[in-house]
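Encoded as structure tokens, the structure appears first; notes follow it.
The values are calculated or read from the model by the stated rules, or taken from the named source; none is laboratory data. Here the structure is a predicted model, which means the values were calculated and not measured. Positions of Cβ are generated from backbone atoms using ideal geometry, with glycine treated the same way; all protein chains shown enter the neighbour counts. The area values use the complete protein model at the heavy-atom level, side chains included, leaving out ligands, DNA and RNA. Shrake-Rupley method; radii C 1.70, N 1.55, O 1.52, S 1.80 Å.
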Amino acid sequence: MSVVLWWIRRDLRLADNQALQAACAQAQKVVPVFVLDPHLLASSRSSQERLGFLFAALNALDEDLHRIGSRLIVRRGDPLSILSTLLHETGAQAIFAERDPSPYSRRRDSQVAAALPLRLFPGLTVHPPEAVTKADGSPYTVFTPFARTWRSLPFPGAPLPAPQHLPGLPTLGSDPLPDEPLHRLADLFPA
């Protein structure tokens, strides 16, 4: 493949990132993308402190990407629509992302995968959630047996290294990231 999108969600690291490693191994150009999803930003779990932390981490990731020859593309809106537009703008053949086990993320990723070439990779957790279950396949409800099963699984190998270089990107528009927490969600999504 010549171009792929690296859809960044929870894991904002260059090192030990399986989706990024796969993207670098399979494509000549990797376009790092973060989508400011209004559903997640409007969630009751998205406090000003959490958004401030997210924006600081995204700014740090963008600095890290600049050091290796790339940059972060940020877009605001529905992930399916944004990713579809970016596939068209870049000519990318696939979207690489780390699997996210949250219920909303699984629904979102199913919708995206039904319409676009999404490839999901493990990496957000040490062991995928479906690997740490009771013998009948159901999830644990008590910590101690969960912990025993989790510890009994083989530990993954050494962390994956960060890429030393990413080729420059084509000219793409990117929304600015705030430098500090916002006082109102409307500041992110002006009418």
Original post:
Looking at region 1-25, which of its residues are among the polar types (S, T, N, Q), over 17 Å from LEU87 (Cα atoms) and assigned to a loop (DSSP other than H, G, I, E, B)?
Top reply: ASN17
Original post:
Can we say GLN93 is more than 15 Å from the chain's Cα centre (by Cα), open to solvent by 20 Å² or more (accessible area, probe 1.4 Å) and modelled with pLDDT of 90 or more?
Top reply: yes
Subject >> Complete set of residues in region 9-56 that are of a type in the set (Phe, Trp, Tyr), over 16 Å from LEU166 (Cβ atoms) and surrounded by 15 or more Cβ atoms within 10 Å (Cβ to Cβ) >> reply: PHE55
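Within region 96-112, count every residue that is open to solvent by 60 Å² or more (accessible area, probe 1.4 Å) and assigned to a helix (DSSP H, G or I). Steps first, please.
We begin by selecting, within region 96-112, every residue open to solvent by 60 Å² or more (accessible area, probe 1.4 Å); these are 99, 103, 106-107, 110-111.
From what is left, the residues that are assigned to a helix (DSSP H, G or I) are 103, 106-107, 110-111.
So the count comes out to 5.
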